[in-house]
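Data block below; observations after.
Values quoted throughout were computed directly from the atomic coordinates according to the rules given, and no laboratory measurement underlies them. Not measured: the values here are computed from a predicted model. Note: ideal-geometry Cβ built from the backbone for every residue, glycine included; neighbour counts use all protein chains shown.
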Amino acid sequence: MKITVIGTGYVGLVTGVSLSEIGHDVTCIDIDERKVEQMRKGLSPIFEPGLEDMMKRNIGRHRLAFETSYEKGLAEADVIFIAVGTPQKEDGHANLTYIENVAERIAEHICKDAIVVTKSTVPVGTNDRISEVIHSRLKADVNISIASNPEFLREGSAIHDTFHGDRIVIGAEDRQTRETLDRVFAPLAIPVYHTDIRSAEMIKYASNAFLAAKISFINEISHICEKVGADVESVAHGMGLDKRIGNQFLRAGIGYGGSCFPKDTNALVQIAGHVEHDFELLKSVIKVNNNQQSMLVDKVLNRLGGVTGKTIALLGLSFKPNTDDMRDAPSIVIADRLAALDARMTAYDPIASFRASGLLPAEVSYRESIEEAVRGADAVLILTDWEQIKHFPLEAYKELMETPVIFDGRNCHSLEEAEQAGVEYISIGRRAVVPQTDSVT
Ligand code: UDX
């Protein structure tokens, strides 16, 4: 099938490359000429494990092309995926300007029957608007049907998720559209769930809000665990054994970040507000997360008294491992707060330092290795659970720091490890480990 994907951000590029991998002829359109030039050479503008190899392979097979021109990119398309961004506006609403522009361009340039599928996360009812824009401006005498196909990819494992997803959701209003889209996804052999367009739009928001709620829930439990002497890791494990609860998204830490959860939870509160529903539960989820991000700094202040003139090493900057994405990363809130308290900071991230340097305060200086960031620091803050940070031996901190104090915002280490290593280790929802020699009576 001939497929065109509009927008080559995380969602669009992964979608286009994956659809070419399963045998479709894919053209990806992006207005950024420099980016298109780069992608034509098989270079991915984003870091996503496995993506670049797959890109190169399918360009080589002549199944994947990149275009800046809508006219050329849409000429032969049977199915058009819209995957442009819906960033958050100041007031929490999703900004639909890009989507509307794309709908106008499709209407101008489409010259054969096609299905227009929205992959971008859009408020309920947006597909009706897309349909309206396209049908009111269509130049050619063609049939265009509209569908919603929300994506559930996680950054850092987007290729894996595409090929091993739990479900594909297709919202469409007629049988022919559903059948054509079934054929598009058939080679993936993933269960397809058919529904109407508005429900498909809602599934995406409701899923992200639910996962965000799980995270905020376990983070709230972690505070209580610390006070009553329970261990949040054991509590989450014990809860997760109940299949009705499940063991995923129950990792306590410094809260969720990234391009989806913060934006989509805010947008859903707005969507609810428009139909006069006060989504109190979700508002609390967001509030808990906002507090959670800077709570690690409170722990630092409690332990060190103050941080003026002290050097704090930040390990991991991206919002989660295996990505260089810094959008809404807790490290931003944490570094800003430490800077306001006159701390000096060193930072290490395997790949996000470059992006981070434009976002974190000037008080942060970047290092090439964990050792360099930690050497001589007064405290270490683990902010992202990258493999190399998780596996950095706790004993090594003793050699690099005068008084090794580690604040672990991701619970990367077990308490036994910390005890054996003889370092001071303060994590989330668990008792603090204080080395024997330092113990306070
Ligand atoms: C998420 C959804 O998982 C995906 O389905 C949707 O399409 C896009 O949003 P992503 O933003 O890539 O994907 O990251 P995800 O792996 O879900 O993690 C989101 C955030 O939650 C990260 O900051 C992560 O550190 C945090 N998290 C996740 C926790 O704090 N605890 C957990 O148990 C799980």
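With axes computed from alpha carbons, what is the tilt in degrees of helix 261-274 against the longest principal axis of the chain, rounded to the nearest 10 within 0 to 90?
The angle comes out at about 60 degrees.
Extension gain Lys243-Arg137, at 0.36 nm per residue separation less the Cα-Cα distance, in nm?
Answer, rounded to one decimal: 33.2 nm.
Would you please classify the overall shape of segment 2-195 from the alpha carbon gyration tensor, given that a ≥ b ≥ c denote the square roots of the eigenvalues, rounded means a/c under 1.5, and beyond that prolate means a/b larger than b/c while oblate covers the rest?
rounded
With N set to the residue count of segment 300-429, report its C-alpha Rg divided by 2.2 N^0.38 Å to two decimal places.
0.95
I need to check one value: relative contact order of the chain, counting alpha carbon pairs closer than 8 Å and at least 6 residues apart, in percent.
Here the relative contact order equals 11 percent.
If each DSSP helix of 4+ residues adds -39,500 (n - 2.57) and the sum is divided by the residues in the chain, what number results at 222 nm, nearest 500 deg cm²/dmol?
Using -39500 (n - 2.57) per qualifying helix, the result is -13500 deg cm²/dmol.
What distance in nm separates the simple spin-label points at Ser234 and Asp182, each placed 7 Å from Cα in the Cβ direction?
Placing both labels 7 Å along Cα→Cβ, they lie 5.1 nm apart.
So what's the angle, to the nearest 10 degrees on a 0 to 90 scale, between helix 10-21 and the longest Cα principal axis of the chain?
For helix 10-21, the angle is close to 60 degrees.
State to the nearest 20 debye the size of the charge dipole of segment 198-313 about its Cα centre, where the only charges are +1 on K and R beta carbons and -1 on D and E beta carbons.
Here segment 198-313 has a charge dipole of around 260 debye.
With the Cα gyration tensor of segment 201-286 in hand, convert its eigenvalues to equivalent ellipsoid semi-axes via √(5λ) and list them largest first in whole Å.
Ellipsoid semi-axes (Å, largest first): 26, 14, 11.
What number do you get for segment 267-322 when its Cα radius of gyration is normalised by 2.2 N^0.38 Å, N = residues?
1.70
Report P(r) for segment 150-206: all Cα-Cα distances, bin width 10 Å, range 0 to the bin holding the largest distance, values in whole percent.
23, 52, 24, 1
Within the set Lys204/Lys227; Lys243/Lys263; Lys214/Lys320, which residue pairs have Cα atoms separated by over 27 Å?
Result: Lys204/Lys227; Lys243/Lys263 exceed 27 Å.
Compare the peptides 40-50, 213-223 by average per-residue count of other Cβ atoms within 10 angstrom and give them in order, highest first. Intermediate values should be presented prior to the final figure.
Values: 40-50: 16.0, 213-223: 20.5.
With the highest mean Cβ count within 10 Å placed first, the list reads 213-223, 40-50.
What are the principal axis extents of the Cα atoms in the chain, in Å, biggest first?
For the chain, the Cα extents along the three principal axes come out at 83, 47, 38 Å.
Please give the per residue volume of the convex hull enclosing the alpha carbon atoms of segment 196-441, rounded to a whole number of Å³.
144
Just name one of Leu317, Ile31, Ser357: the one whose Cα is farthest towards the positive end of the charge dipole of the chain (beta-carbon charges, Lys/Arg +1, Asp/Glu -1).
Farthest towards the positive pole: Ile31.
Just to confirm the filter: which GluC sites (Glu not before Pro) across segment 390-424 are DSSP coil and have at most 14 other Cβ within 10 angstrom of their Cβ?
Answer in residue order: Glu402.
What length, rounded to one decimal in nm, is gained on full extension from Thr195 through to His62, with 0.36 nm per residue of separation minus their alpha-carbon distance?
Working it through step by step, the gained length comes to 44.5 nm.
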